[in-house]
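Worksheet: one structure, shown below.
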2 protein chains.
Amino acid sequence: MAAHISIIGLDGIPEVRAGDDLAAVILGAVEASGEGLRDGDLLVVTHKIVSKAEGRLVDLRTVEPSDLARRHAERFGRDARQIEVVLRESVRIVRMDRGIIIAETPQGFICANAGVDASNVPGDDVVCLLPRDPDASAAALRGALRERTGIDVPVIISDSFGRPWRSGITNVAIGVAGLAPLADYRGQEDPYGRMMHASVLAVADELASAAELVNGKIDSRPVALIRGYPFARAEGTGRMLLMDPERDLFR
Amino acid sequence: MAAHISIIGLDGIPEVRAGDDLAAVILGAVEASGEGLRDGDLLVVTHKIVSKAEGRLVDLRTVEPSDLARRHAERFGRDARQIEVVLRESVRIVRMDRGIIIAETPQGFICANAGVDASNVPGDDVVCLLPRDPDASAAALRGALRERTGIDVPVIISDSFGRPWRSGITNVAIGVAGLAPLADYRGQEDPYGRMMHASVLAVADELASAAELVNGKIDSRPVALIRGYPFARAEGTGRMLLMDPERDLFR
């Protein structure tokens, strides 16, 4: 039988505000879609609605830029207050050139602007930060969904990251709860009886990318329901997708 | 209405040999699946069956390793003949350490072992190369499918690449025909009337990743039919997904 996976982009998620009950919002959208939630489903949630629910917004009018932020903003025609927020969300600057800042965040992500983003945020002077602990956010959402439905639905929290060498951004998993983010095929034999090499697949990132395909332009469907993917139930985390610095040839 | 995309992994693709008619093989599997091919469908094909059909296999018993290949293989316990093939498939060595070679290929890809792979290949001494021109391979397959069905079905040829900073490999698009591989959201307003920044999505890579989810371990379903994704018809290529060296902060 052919493998069949459905990627369903949920409509009708309202503007999320600090303190909102995200599980209730998502369950409402699942019900409205007529799909319901089933055992074996998983959810991919773009981080922005998680960040908003957690109040991870910064009003730039309250930010006093450092000299570094001012000088960088001046050279590249950017907003010094926003650069300052990027620096505050960083533990290490990986590259800083041509108006692009690639930084390592306290959560261990290496991404543009330390994940600080002004799009899809209400208010002209407001920027959105990454969730402080996306694995904890995913675990909390998984717990709340299980409590209300009795179903253990894995949760992936996604963001769009650039990558070296290739154009464009793709969605990756920054927070994970309830599934194994990596599928390790090493040690299994291929159909010719030979051992597979180097085949550890980042399936949580692939699921996040699949979900982006239904998010719609301007993120009008921030939650995707994925049905039919035979994930491995496990206490996996998004942290498992971060390359060990010892093994990273590109650090 | 909720967005709904189906990812269908086709069963029953037989072992492909040099000279095989890939369009016929795939259409046979599409028919056997009971799905048929419809306008609006697209296909993601893992490169290995394309390489096999194109005869891109090397018998290592015919390969005489260079001194560099011998020394590198000796230090890291690898097969010098296979290292030699990797060097022959490279135009630039990006990193070469700890038994890992990351190389730039003539096609412009930066990937482990220049895409040379011994898994899922018949014969103990045979390795598989990337298609010589994956965009041409994708275009040829699209053309053959259109000729036989009258339907213009975009084709993506995929491979699994590693990436800096994150663990695990994910499928990306190395060849594209019939669709725009990048979705450019720049210049569009978000729901708050603000312009979107830096939002060029590598949708062909996301489609390749989504397709991997149905490939199955050991690549038992090398072709995925994707239905319901509103792609932009265009004469796009996989080459468009390669970062311009001038803009690449990581070259």
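The values are calculated or read from the model by the stated rules, or taken from the named source; none is laboratory data. Bear in mind the structure is a predicted one, so any value in this text is a computation, not a measurement. With ideal geometry, Cβ positions are generated from the backbone for all residues, glycine too; neighbour counts draw on all protein chains shown. What goes into the accessible areas is simple: the full protein's heavy atoms, side chains included, and nothing from ligands, DNA or RNA. Shrake-Rupley method; radii C 1.70, N 1.55, O 1.52, S 1.80 Å.
Just the residues that are at the interface with chain B (Cβ under 8 Å from one of its Cβ atoms) and either of a type in the set (Val, Ile, Thr) or touching a Leu at 6+ places or on another chain (Cβ under 9 Å) (or both), please, taken from segment A:194-216. Scanning segment A:194-216 gives A:200, A:201, A:202, A:203, A:205, A:206, A:207, A:209, A:210, A:212, A:213, A:214.
Take segment A:112-130 and flag every residue that is at the interface with chain B (Cβ under 9 Å from one of its Cβ atoms) and more than 16 Å from residue A:79 (Cβ to Cβ). Of everything in segment A:112-130, those that are at the interface with chain B (Cβ under 9 Å from one of its Cβ atoms) and more than 16 Å from residue A:79 (Cβ to Cβ) turn out to be A:120, A:122. None of B:40, B:34 is within 30 Å of residue B:228 (Cα to Cα), free of Cβ contacts under 8 Å to residues at least 60 places away in the same chain and either more than 14 Å from every other protein chain (Cβ to nearest Cβ) or open to solvent by 20 Å² or more (accessible area, probe 1.4 Å) (or both) except B:34. Taking each residue of segment B:149-165 that is in contact (Cβ under 8 Å) with a residue 12 or more places away in the chain and looking for partners that are open to solvent by 10 Å² or more (accessible area, probe 1.4 Å) and of a type in the set (Asp, Glu) with beta-carbon atoms closer than 6 Å, six or more apart or interchain, yields B:151/B:39. Inspect all residues belonging to segment B:13-21 and state whether any of them is at negative phi and not in a loop (DSSP other than H, G, I, E, B). No, segment B:13-21 contains no residue that is at negative phi and not in a loop (DSSP other than H, G, I, E, B). Of all the criteria given as (1) modelled with pLDDT under 95; (2) out of contact with any Leu (no Cβ under 6 Å at 6 or more places or on another chain), the one not satisfied by residue B:106 is (1). Tell me, which residue of segment A:93-111 that is under 17 Å from the mean Cα position of the chain (by Cα) and not in a loop (DSSP other than H, G, I, E, B) is nearest to the other protein chains (Cβ to nearest Cβ)? Of everything passing the filter in segment A:93-111, A:110 is nearest to the other protein chains (Cβ to nearest Cβ). Of A:95, A:78, all but one fail to be under 19 Å from residue B:163 (Cβ atoms), surrounded by 14 or more Cβ atoms within 10 Å (Cβ to Cβ) and modelled with pLDDT under 95; the exception is A:95. The sole residue among B:16, B:45 that is of a type in the set (A, V, I, L, M, F, W, C) and more than 14 Å from every other protein chain (Cβ to nearest Cβ) is B:45.
If you check A:152, A:135 for being among the acidic types (Asp, Glu), in a loop (DSSP other than H, G, I, E, B) and open to solvent by less than 40 Å² (accessible area, probe 1.4 Å), only one passes: A:152.
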